[in-house]
Amino acid sequence: MPDRLTGLEVLAKVAATGSLSAAARALGLSQSMVTKHLAALEARLGTKLFHRTTRRLSMTDAGRIFLESSERILAEIEAAEAEVAADRLEPRGQLRLNVPLVFGVRQIAPRLAQFAQIYPRVTIELGLNDRLVDLAEEGWDLAIRIGNLRDSSLVARRLAPCRMAVCAAPAYLAGHGTPRTAADLAKHNCLGYTLAQAGAERWVMGGRSGLSIAVSGNLRANNGDALLAAAVAGQGIIYQPTFIVADDLRAGHLVQLALDLPPSELLAVYAVYLPHRHPPAKVRAFIDFLAGQFAPEPPWDRGVV
């Protein structure tokens, strides 16, 4: 069955050219197909749209009324298509961005002003939480994820390494001694992150070998900044990403511990989005912007690792 949109296009082109054959050439259709589309329109409407003679083709009153509405619909469709095409080419519109809480506050929010200067037609809705959001169901355009990716259906771009560091305040080390090996951690107060993939009481170390080390302590939290504050106050040892602890390491509030097992090397910062043949320009622009900000070395790692 001929589709309705093509039928409207055929009607408008026949009315403009005054000829079935001219309309067919303009649309790249056969004359018989143009005739079928018009017949299908007239059958659906239950009225004649054109008076046809061997010499002349003229519109009926019903045809003129329907043509006016058809042209308005076609113009709106053309405008909508142009709008979507523009979104693929020019960064603009609202970008809904979801980011883990601490990384978003420390590493994303301070860079949004610069992005806004470069792309003034993009507005950002920033969602900050450590929950694994469903981009499709919740309507997020883009998410930043840290660690091993679980959802293989998403398109992912690696933005930066996410290095880990075992740290403690000088005051804690002065009172409890400095661990030299990963096994020594069992004798120390280790503050655990409850949202870690291995859990709060297992620290994955050993570089790429990924050895799981049992630890324990008197504080567990689902927020890295809370653990950082406790560690700076001298409560215990933390195992956190350098994007959280770097400023305090540089300031001397924390000391990075050199153990016999290196920190994990399996983590990274990724931008993830739903698969599109042509991602919107606002998504591509923000990913490229962050990649430029974090290359060749993440700013939080400078002078620390």
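What the table shows:
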| quantity | calculated |
| --- | --- |
| Residues of region 35-61 satisfying the condition of being in a helix (DSSP H, G or I) and within 17 Å of Glu9 (Cα to Cα) | Thr35, Lys36, His37, Leu38, Ala39, Ala40, Leu41, Glu42, Ala43, Arg44, Leu45 |
| Selection status of Ser212, out of contact with any Phe, Trp or Tyr (no Cβ under 7 Å at 6 or more places or on another chain) and assigned to a loop (DSSP other than H, G, I, E, B) | no |
| Any hit, region 200-208, residues being in a helix (DSSP H, G or I), out of contact with any helix residue (DSSP H, G or I) (no Cβ under 6 Å at 6 or more places or on another chain), closer than 17 Å to Tyr172 by Cβ and hydrophobic (A, V, I, L, M, F, W, C) | no |
| Residues (within 17 Å of Phe103 (Cα to Cα) and touching a residue at least 60 places away in the same chain (Cβ under 8 Å)) located in region 125-147 | Asp130, Leu142, Ala143, Ile144, Arg145, Ile146, Gly147 |
| Residue among Gly207, Gly224 that is on the phi > 0 side of the Ramachandran plot and in contact (Cβ under 8 Å) with a residue 12 or more places away in the chain | Gly207 |
| Test for Leu185: is it at pLDDT 95 or above, aliphatic (A, V, I, L, M) and buried (at least 20 other Cβ atoms within 10 Å of the Cβ) | yes |
| Residues (among the basic types (Lys, Arg) and in contact (Cβ under 8 Å) with a residue 40 or more places away in the chain) located in region 238-286 | Arg250, Lys282, Arg284 |
| Residue that is farthest from Ile146 (Cα to Cα), among those in region 183-238 that are over 33 Å from the mean Cα position of the chain (by Cα) and charged (D, E, K, R) | Lys187 |
| Candidate set from region 97-125 (those that are assigned to a strand (DSSP E or B) and either assigned by TED's automatic domain parsing to the domain that holds Ala246 or out of contact with any Gly (no Cβ under 8 Å at 6 or more places or on another chain) (or both)); member that is farthest from Leu135 (Cα to Cα) | Ile124 |
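Residue by residue, here is whether (1) out of contact with any Gly (no Cβ under 7 Å at 6 or more places or on another chain); (2) outside the structural domain of Arg121 (by TED's automatic domain parsing); (3) more than 30 Å from Leu135 (Cβ to Cβ) holds:
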position	(1), (2), (3)
Ser209	yes, yes, yes
Ser216	yes, yes, yes
Ala231	yes, yes, yes
Phe243	yes, yes, no
Pro279	yes, no, no
Lys282	no, no, no
Ala291	yes, no, no
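The values are calculated or read from the model by the stated rules, or taken from the named source; none is laboratory data. Computed from a predicted model, the values in this text were never measured in an experiment. All Cβ positions, glycine included, derive from the backbone under ideal geometry; neighbour counts span all protein chains shown.
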